[in-house]
Each structure stands twice: as C-alpha cells, then as structure tokens.
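The values are calculated or read from the model by the stated rules, or taken from the named source; none is laboratory data. This is a predicted model, so every value here is computed, not measured. Ideal geometry is used to build each Cβ from the backbone, glycine not excepted, and the neighbour counts take in all protein chains shown.
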Amino acid sequence: MKLLHLLPVGKVDVSLLKDLRAAIPDRLHVRCEVLPVVLDPAPAYHPERQQYHSSEILQRMQSLVRPQTWRVLAVADVDLYIPILKYVFGEAQMGGPCAVISSHRLRQDFYGLDQDGALLGQRLLKESVHELGHTLDLRHCQDYRCVMASSHAVEWIDLRESTLCESCRSRVDSSALVQR
C-alpha cells in the first residue's frame, strides 16, 4: 500500500495531524504516517507581506521524499501565499510528490467567529485531498461539490465534498483511490 507522510510545519496541533492520519485513508487508498521531524517555516517568511511563501516550503520538502514515500503532505498553521494571490489554503506540485496545506485561514476564529474544531477538521481534510489530487495531475473541477473544485474563499470549501466526483475519479488510476 502507498505511504503518505504528514509533515508538521512549525507549531501544529498534534490532534489535527492525528485526525488527518485517520481520515485520509478513508478517502484515498494509502497508508498515512506522521513524520517525526518538524519543518521550520521561518526561511519562507516574507516580512513585507507578513506571510509564508508556500512554494518555498514545497521546495524545502523535497529532501524528505524517500523511495517508499508516495507523497509528503505538509501541514502548517501559518498564513501561506504565492506571489500572484493574496493568500492560498494550500499548494501542490502538479504530478509531483509534495503538497502543503495550512489551517491558518481555515479556522473560524480567523474570521472573528467562535472556534469550531469539527468544521476545522472537515476543511483540513478537504484541502488535504484537494492538494493531493493536484499531485495526481488533477486540475480544478467545474463541479462545485467535487473536492477538486477551486475555492478562493473558505465558504467554497464548505460547499465541497471531501471526495472526487465521478469525472475526476475516472482521470486517476483506480488503484490510487478508494472507490466510494
């Protein structure tokens, strides 16, 4: 069975990693383990934006890919961006082994609302599967319910399912996914 490594980036709540480790195998046919190392996000920090450049984090993750690794998914709690956007919830290497997500803008308290751990867990799972879908060469889907739908605001993530639509599923090798 394929092995997905979860990589903590900075100070990440251990319970979030444990929840992802348990939930991702229900969506993708992979074994999931949390790496015993923590990646420091500081080198990717850009003070002029007060954010962390997600592509720089992805580049630094490359050294953690091993022959037995299917993918490495970094989980951060810092505000991510790419130069052409104000922020991103995550980024992935199209067809590559690495992806990164952040809980920073997925938290209700970021928007001045009461914390909701269950909602945060759902959003993290959806973003995880979404970014891992990009590593499988999937592009954004037009079906707003598909996990591969584009989302430029957290409300769009909430509309998505945590699974691929039939069309996206058919584009991926069936051995990589649990048929649901």
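Here is the figure for the stretch 2-18: residues that are more than 13 Å from the chain's Cα centre (by Cα) and farther than 13 Å from residue 71 by Cβ total 7.
Return the residue satisfying two criteria in turn: it lies in the stretch 113-150 and is of a type in the set (S, T, N, Q) and free of Cβ contacts under 8 Å to residues at least 60 places away in the same chain, and of such residues it is surrounded by the most Cβ atoms within 10 Å (Cβ to Cβ). Step by step, filter the stretch 113-150, then rank; the result is 122.
Hey, any hits in the stretch 15-23 for a residue that's touching a residue at least 60 places away in the same chain (Cβ under 8 Å), of a type in the set (Asp, Glu), under 30 Å from residue 170 (Cβ atoms) and surrounded by fewer than 19 Cβ atoms within 10 Å (Cβ to Cβ)? Within the stretch 15-23, one or more residues are touching a residue at least 60 places away in the same chain (Cβ under 8 Å), of a type in the set (Asp, Glu), under 30 Å from residue 170 (Cβ atoms) and surrounded by fewer than 19 Cβ atoms within 10 Å (Cβ to Cβ). Any chance you could count how many residues in the stretch 116-157 are assigned to a helix (DSSP H, G or I) and either hydroxyl-bearing (Ser, Thr, Tyr) or farther than 19 Å from residue 75 by Cα (or both)? Residues meeting the conditions: 4.
The residue that is farthest from residue 4 (Cα to Cα), counting only those in the stretch 70-90 that are of a type in the set (Val, Ile, Thr) and part of a loop (DSSP other than H, G, I, E, B), is 84.
Quick check on the stretch 32-69: of everything there that is at pLDDT below 95 and either outside any loop (DSSP other than H, G, I, E, B) or within 20 Å of residue 88 (Cβ to Cβ) (or both), which residue is farthest from the chain's Cα centre (by Cα)? Per the stated criteria, the residue is 63.
Once the stretch 35-72 is narrowed to residues that are touching a Cys at 6+ places or on another chain (Cβ under 8 Å) and either closer than 24 Å to residue 122 by Cα or among the β-branched types (Val, Ile, Thr) (or both), the residue that is surrounded by the fewest Cβ atoms within 10 Å (Cβ to Cβ) is 65.
Looking at the stretch 83-112, which of the residues that are under 19 Å from residue 17 (Cβ atoms) and among the polar types (S, T, N, Q) is surrounded by the most Cβ atoms within 10 Å (Cβ to Cβ)? Result: 102.
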